[in-house]
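Read the structure below first, then the notes.
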Amino acid sequence: MNIIDIINKKRLNEELSSDEIQFVIDNFLNGTIKDYQMSSLLMAICINGMSDEETINLTNSMLKIGKTLDLSKIEGIKVDKHSTGGVGDKTTLIVGPLVASCGVKVAKMSGRGLGFTGGTIDKLESIPGFISNLSTTKFIEQVNKVGMVDSSANSQLAPADKKIYALRDVTGTTSSIPLIASSIMSKKLASGVDKIVIDLKVGNGALMKTLEDARKLARLMIKIGKIHGKEVVCILSNMNQPLGKMVGNSLEIKEAMETLVGKGPEDITNLSIIIASYMVSLGKNIKLNEALSLVRENLNNKNAYKKFLEFVSYQGGNINKLQIKSRKKVILSDKEGFVSKINTEKIGEASMLLGAGRKNIYDDIDYSVGLEIHKKIGDSVRIGEPLVTIYYNKNVTNIDEMIKSAYTLSDNIKEEPRLIYEILE
Ligand code: URA
């Protein structure tokens, strides 16, 4: 077998066999297939796509080459949650403690942010002392003691995804449905959980820009899950504006805590309740309505907030030392009207340029910086009113203009944006 023949086959839109796919994964991971060859194949896949069978084989090859976590020492059904990535998406920080406070074990592995999207591990690491790289023994011990853990992904699980994802990020091949499905599902299957809830973001701040593409991705991930005996639920949620008000690491930890005491923005509160309810329903094998009441009860009685504090402290974090050490600047609107559109990707990019995210994998993060969004879709804006507050420690050229240009104002109020489009299972 030879990589050039395989690249040519995909370039001509022919189907790859499972042996050819296995050959690619094995030899890319051991370094025989070079980055430039893999990039070329990834671009051919991006352009010509893959059949469901090819995607299933790709997922299986990526899964097989790494280890699978054995969670049998954790009692009960283990349910995981994954977000396909967005701006201001701090749902894991709220959903995890909510689900754990309802008595369902949360054995969570999260990732770091890259480009315009944030990552839960970066957010958690903004809490002084927080340890994110737990050993498997500690990971399991914590789930059994606290009911919840959130650790950075173990490098032995789905190692091919790590290497491929890094390449996709710098070769314009992130938004391919088969590549996303195999990336997410190989990781989730390797993490050893029983059931998976996926928050599949749709909109101008998400990988999936249209509902049609989001549905295709959801159906594919559900199919892959079924083949492996895992129930997968996909919640298609709106990413046409940042979620909540805060974008940036420490800022999002603060907002998550406010949400857990009932003082968070409506969108992030409601989305977290829905995701948590699906997880509790799957984890306890109870009806969704029952799960919803349980989730609401544990949010209102602050048990979920207490669980957040317990889990953070068990993982070494000192929440009292969380600091936002940055200067503030308010960006005022020079137009009036109603917000009809927000370029969410631009908002994410502005946050990254301020230092809250990474352009490249090895970039350092400034945990204290980010954005506070004052105006969201449907809000009325007058000239001179605050649009966004910037939390910054360095000057970024044209940042004011960049943020203002992310807003489109119109003369009338458009329909209230839907938080959730569809739920597929
Ligand atoms: N999240 C992932 O884990 N992988 C992708 O390819 C996209 C989103």
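Rounded to the nearest 500 deg cm²/dmol, what is the calculated helix-only ellipticity per residue at 222 nm for the chain, with -39500 (n - 2.57) per DSSP H run of length n ≥ 4?
Estimated from H runs of four or more residues: -14000 deg cm²/dmol.
For the stretch 1-82, run through the trypsin sites (Lys or Arg not before Pro) and keep only the ones in DSSP coil with at most 11 other Cβ atoms within 10 Å of their Cβ.
The qualifying sites are LYS73.
Which whole-Hz couplings ³J(HN,Hα) result when phi for each residue of the stretch 409-423 is put into the Karplus expression 6.51 cos²θ - 1.76 cosθ + 1.60, θ = phi - 60°, listed in order with x for Gly and Pro?
For the stretch 409-423, the Karplus-derived couplings read 10, 9, 6, 10, 7, 8, 3, 4, x, 7, 7, 10, 8, 7, 10 Hz, x marking Gly and Pro.
When a/c is below 1.5 the answer is rounded, else prolate if a/b is larger than b/c, else oblate, so apply that to the stretch 161-225 with a ≥ b ≥ c taken from the square roots of the Cα gyration tensor eigenvalues.
Numbers: a/c = 2.03, a/b = 1.11, b/c = 1.83.
It is oblate, given that a/c is not under 1.5 and a/b is not larger than b/c.
Please state the relative contact order of the chain as a whole percent: Cα pairs under 8 Å, 6+ residues apart?
20
Exactly which GluC sites (Glu not before Pro) in the stretch 52-157 are in a DSSP loop and have at most 15 other Cβ atoms within 10 Å?
GLU75
In whole Hz and in residue order, list the ³J(HN,Hα) couplings for the stretch 260-269 that follow from phi through the Karplus curve 6.51 cos²θ - 1.76 cosθ + 1.60, θ = phi - 60°; x for Gly and Pro.
Result, rounded to whole Hz: 5, 9, x, 10, x, x, 4, 5, 5, 5.
Compute the accessible area per residue over the stretch 3-49, keeping the other protein chains in place, probe 1.4 Å, unit Å².
50
Is the stretch 78-320 best put as rounded, prolate or oblate by its Cα gyration tensor, with a ≥ b ≥ c the root eigenvalues, rounded for a/c under 1.5, and otherwise prolate when a/b is larger than b/c, oblate when not?
In terms of gyration-tensor shape, rounded.
Return the loop-located GluC sites (Glu not before Pro) in the stretch 313-401 (DSSP other than H, G, I, E, B) with at most 13 other Cβ atoms within 10 Å of their own Cβ; answer none if there are none.
Hits after loop and neighbour filter: GLU336.
Taking 0.36 nm per intervening residue step and subtracting the Cα-Cα distance, what contour gain separates ASN393 from SER313 on full extension?
Value of the extension gain: 26.0 nm.
Given an 8 Å cut-off on Cα distances and at least 6 residues of separation, report the relative contact order of the stretch 324-410 as a percent.
This gives 48 percent for the stretch 324-410.
Give me the 1.4 Å probe accessible area per residue for the stretch 134-197, excluding ligands and nucleic acids, in Å².
Ligands and nucleic acids excluded, the result is 32 Å² per residue.
Given charges of +1 on the Cβ of Lys and Arg and -1 on the Cβ of Asp and Glu, with all other atoms neutral, how large is the dipole of the chain about its Cα centre, in debye to the nearest 20?
On the way: 56 positive and 50 negative charges, 181 e Å.
Value, rounded to 20: 860 debye.
In the chain, what percentage of the DSSP-assigned beta bridges are antiparallel, given to the nearest 5?
On the way: 23 of 43 bridges.
Once the DSSP bridges in the chain are tallied, antiparallel ones form about 55 percent.
Ignoring any ligand, DNA or RNA, what whole percent of the accessible area of the stretch 324-410 comes from carbon and sulfur when the probe is 1.4 angstrom?
46
Heavy atoms only, probe 1.4 Å: what % of the accessible area of the stretch 3-49 goes to carbon and sulfur, would you let me know?
Accessible surface attributable to carbon and sulfur in the stretch 3-49 totals 51 percent.
What percent does the relative contact order of the stretch 88-174 come to when contacts are Cα pairs within less than 8 Å and at least six residues apart?
So the answer I get is 30 percent.
By its C-alpha gyration tensor, with a ≥ b ≥ c as the square roots of the eigenvalues, how is the stretch 107-217 shaped: rounded for a/c under 1.5, else prolate for a/b larger than b/c, else oblate?
The shape class here is prolate.
Accessible area of the stretch 151-193 with a 1.4 Å probe: how many percent of it is carbon plus sulfur? Please report the intermediate quantities before stating the final value.
On the way: 660 of 1240 Å².
Here carbon and sulfur together make up 54 percent of the probe-accessible area.
Would you work out the charge dipole size for the stretch 324-410 about its Cα centre, treating the Cβ of every Lys and Arg as +1 and the Cβ of every Asp and Glu as -1, and quote it to the nearest 20 debye? Walk me through the numbers on the way to the answer.
On the way: 14 positive and 12 negative charges, 24 e Å.
In total the dipole reaches around 120 debye.
When the chain is treated as a GNM, springs tying every alpha-carbon pair under 10 Å, which of LYS108, LYS359, LYS335 comes out with the largest mean-square fluctuation?
LYS335
The values are calculated or read from the model by the stated rules, or taken from the named source; none is laboratory data. This is a predicted model, so every value here is computed, not measured. We place every Cβ from the backbone using ideal geometry, glycine too, and count neighbours over all the protein chains shown. Protein only, heavy atoms only, side chains kept; ligands, DNA and RNA dropped before computing areas. Shrake-Rupley method; radii C 1.70, N 1.55, O 1.52, S 1.80 Å.
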